[in-house]
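Here's the structure, in structure tokens; my notes come after.
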């Protein structure tokens, strides 16, 4: 090799080109580093080469890849910071050139690869692998000594190669770090989903809801089809979530379809997919909901609205566990658990001929009837408190409780819209409330004046004023734990007037202590 700058020689340039290409062809770090050493041997004629990497947590230096050194010898190539030539290079961040390793006390030959050879004419060069100011490791080579100028040229070339290695290591560290963050975020979100949709988080202490919890618990770990029955707004979708996220398929997709919202001519295309050109506007192939839910769960809401023709194709998919896309001929296998829901009487629909009997029995493997809110009066206040806390937090309001008259109005109402109506009612109350208590006048007009039959009740101006005053007095006594003086001060009135009103409305302060 001549004394000219080696990086400008054909071998040096070719070596750099090959190493650069190798670095960009794979994300496998070890494979990339092996190729670096192979090209250095091929183009530069080095006898041995190693890449050592620093473990920042333990401050240990290990030989990651090596050329001309056996696997057993490589395992012995371990150093501490400052130990030997390699340890010194990584500690200081400065390269070292050793013209004669036999005359260098810092050269330890920890691997033992040179124990049986003449070391008097072997030179050793080690350069740090740096990413900015951070030392990642070291690139080191052995070569036969020829001249000091050639060692300087080798040093310049190794410095360039080490910078390429540093870029690759930094990129892979970033990718691995982001991958780990995504993996941790995915695990966290799955845990949050499991917690959010745990059946224990479905609100209800009534006997009927305890029965629902038992049924969910019994069926969740199976693959049985589930049919959810009940009026609109009773929480069928919430139960479907609880079943899926507490099942053996919890890590797989949950696909939800509202059958009533699908146009009749697009039901099959949505459920089973379609091929390109299957119909006007089908300019590309599309996977259906059943394909998307493969290995997971599909929730078909309002299943009673499906046309008879679509019901027949759905039955085939449930029986054979396979489907064909619209306009296609290929059979696609699917493993899907079905949870269906309806607010219709499917048994009556079967008798009328609007719903297939065979599909009904296929769906009705494990029916769960969700009671209307009027059938679970014990849960009304529990649900109201839950929604109060939810929306107060969402809208940043410090609302502590619901007043007694408002509770009475909630309990007297017949709730035709069930839990969904109660949730909307409490959201409205929170938006209107400007203090720490939800009063009756924060509720919708239908609740303020309705009886338990849902009819309107006439109320005079005097009666409305008396009810409003009574509500304010009771709330003040609750807030002060029955202390009449503090309650009067809170309402900015005298104790005499306050006492007169208590007697007028028959209120007993002691019961609030």
Keeping to segment 77-103, report how many residues are surrounded by fewer than 16 Cβ atoms within 10 Å (Cβ to Cβ) and either modelled with pLDDT under 85 or closer than 20 Å to residue 155 by Cα (or both). 7
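Condition check ((1) touching a residue at least 12 places away in the same chain (Cβ under 8 Å); (2) over 18 Å from residue 403 (Cα atoms)) across all residues:
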{"residue": "474", "(1), (2)": "yes, no"}
{"residue": "477", "(1), (2)": "yes, no"}
{"residue": "489", "(1), (2)": "no, yes"}
{"residue": "498", "(1), (2)": "yes, yes"}
{"residue": "509", "(1), (2)": "yes, no"}
Checking the structure you have, find out if any residue of segment 141-150 is assigned to a strand (DSSP E or B) and under 21 Å from residue 79 (Cα atoms). yes
Kindly indicate which of 136, 69 is assigned by TED's automatic domain parsing to the domain that holds residue 166, in contact (Cβ under 8 Å) with a residue 40 or more places away in the chain, assigned to a loop (DSSP other than H, G, I, E, B) and closer than 14 Å to residue 52 by Cβ. 69
With the structure loaded, tell me whether residue 299 is in the same structural domain as residue 365 (by TED's automatic domain parsing), at pLDDT 90 or above and either in a loop (DSSP other than H, G, I, E, B) or under 30 Å from residue 421 (Cα atoms) (or both) or whether it fails that test. yes
Within the group 190, 146, which residue is outside the structural domain of residue 20 (by TED's automatic domain parsing) and either touching a helix residue (DSSP H, G or I) at 6+ places or on another chain (Cβ under 6 Å) or modelled with pLDDT under 80 (or both)? 190
Here is a check on your reading of the model: is residue 216 farther than 30 Å from residue 309 by Cβ and at pLDDT 90 or above? yes
Residue under evaluation residue 294, criteria (1) over 30 Å from residue 233 (Cβ atoms); (2) modelled with pLDDT under 90; (3) under 28 Å from the mean Cα position of the chain (by Cα), criterion not met: (2)
Being in a helix (DSSP H, G or I), buried (at least 20 other Cβ atoms within 10 Å of the Cβ) and either touching a strand residue (DSSP E or B) at 6+ places or on another chain (Cβ under 6 Å) or not assigned by TED's automatic domain parsing to the domain that holds residue 119 (or both) is the filter here, so list the residues in segment 15-61 that pass it. 33, 37, 40
Enumerate the pairs (first residue in segment 22-37 and over 21 Å from residue 142 (Cα atoms); second residue anywhere and modelled with pLDDT under 75) with beta-carbon separation below 6 Å, excluding pairs fewer than 6 apart on the same chain, so at least 6 apart or on different chains. 29/172
If residue 324 satisfies every condition in (1) more than 18 Å from residue 289 (Cα to Cα); (2) touching a helix residue (DSSP H, G or I) at 6+ places or on another chain (Cβ under 8 Å) but one, which is the exception? (1)
Answer yes or no as to whether residue 113 is touching a helix residue (DSSP H, G or I) at 6+ places or on another chain (Cβ under 6 Å) and over 24 Å from residue 131 (Cβ atoms). yes
Okay, strands (runs of 3 or more DSSP E) sitting entirely in segment 303-413 with 3 or more residues that are under 30 Å from the mean Cα position of the chain (by Cα) and either at pLDDT 90 or above or not assigned by TED's automatic domain parsing to the domain that holds residue 240 (or both), I get 337-342
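Among the helices (runs of 4 or more DSSP H) contained in segment 209-294, which hold 3 or more residues that are touching a residue at least 40 places away in the same chain (Cβ under 8 Å)?
Passing ranges, in order: 236-245, 267-272.
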For segment 424-441, does any single residue satisfy the condition of being over 17 Å from residue 383 (Cβ atoms), surrounded by 15 or more Cβ atoms within 10 Å (Cβ to Cβ) and touching a strand residue (DSSP E or B) at 6+ places or on another chain (Cβ under 9 Å)? yes
Being touching a strand residue (DSSP E or B) at 6+ places or on another chain (Cβ under 8 Å), surrounded by 19 or more Cβ atoms within 10 Å (Cβ to Cβ) and closer than 30 Å to residue 421 by Cβ is true for just one of 227, 326, 271, 262. Which residue is that? 227
Residue 353 is checked against (1) on the phi > 0 side of the Ramachandran plot; (2) in contact (Cβ under 8 Å) with a residue 12 or more places away in the chain and fails just one. What number does that condition carry? (2)
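The values are calculated or read from the model by the stated rules, or taken from the named source; none is laboratory data. Since this is a predicted model, take the numbers as computed values, not measurements. All Cβ positions, glycine included, derive from the backbone under ideal geometry; neighbour counts span all protein chains shown.
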